[in-house]
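A short reminder: the numbers here are calculations on the coordinates, not readings from a lab. Everything numeric here is computed off the predicted structure, so don't read it as measured data. Cβ: placed from backbone, ideal geometry, glycine included. Neighbour counts: every protein chain shown.
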């Protein structure tokens, strides 16, 4: 699953609406760095938990521009500087003929950046410290992780999720 905080608590819910309401209330009461685990995407939970937009599209755009530039530069260097051959009276820098390779090299670099960026952003790299919260999280159960460093914060968080209808509460890092 994911790296869990050293101290905090996990609240399990059977209803996704209860999870969303508990996350909204926890954020309203000042808890930060909340995390939710669900078996399927829940619309609107990102806004409720304060999760911002991903950095992956920006990285992919940068890779697309870099790939297209490198593709054009490689062709320009090869056709104009390194191995100039006059083909059919065309100029050496016949840039319209370069566009297919420019497009393909840009798309290739952007796709590779997306692929590896998702591994990094989703923390899917091999890690010995990953632990499973519950086997039912991938089936029909929902969890809200609230990092709480002190005993007082843990007690506040436990009271909050109990009020919000948590089915089970587990304390992390006793």
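To the nearest ten degrees, helix 151-163 and the longest principal axis of the Cα atoms of the chain are 90 degrees apart.
For 156, 47, the sequence from fewest to most other C-beta atoms within 10 Å is 47, 156.
Taking 149, 90, 58 in turn, the Gaussian network model of the chain (Cα-Cα springs below 10 Å) assigns the largest fluctuation to 90. Expressed as a fraction of 2.2 N^0.38 Å, the value expected for a compact globular protein of N residues, the C-alpha radius of gyration of segment 1-53 is 1.10. Among 51, 101, 85, which one moves the most in a GNM of the chain with springs linking Cα atoms closer than 10 Å? Highest fluctuation of the listed residues: 85.
For the chain, find the longest principal axis of its Cα atoms and tell me its angle to the long axis of helix 95-121, 0 to 90°, nearest 10. So the helix axis and the longest Cα principal axis differ by about 20 degrees.
Semi-axes of the equivalent ellipsoid for segment 54-174, computed as √(5λ) from the eigenvalues of its C-alpha gyration tensor and ordered from largest down, come to 57, 13, 12 Å. Computed from Cα positions, the angle between helix 16-28 and the longest principal axis of the chain comes to roughly 90 degrees. If you model segment 56-121 as an ellipsoid using its alpha carbon gyration tensor, with each semi-axis the square root of five times an eigenvalue, the axes come out at 31, 9, 7 Å, biggest first.
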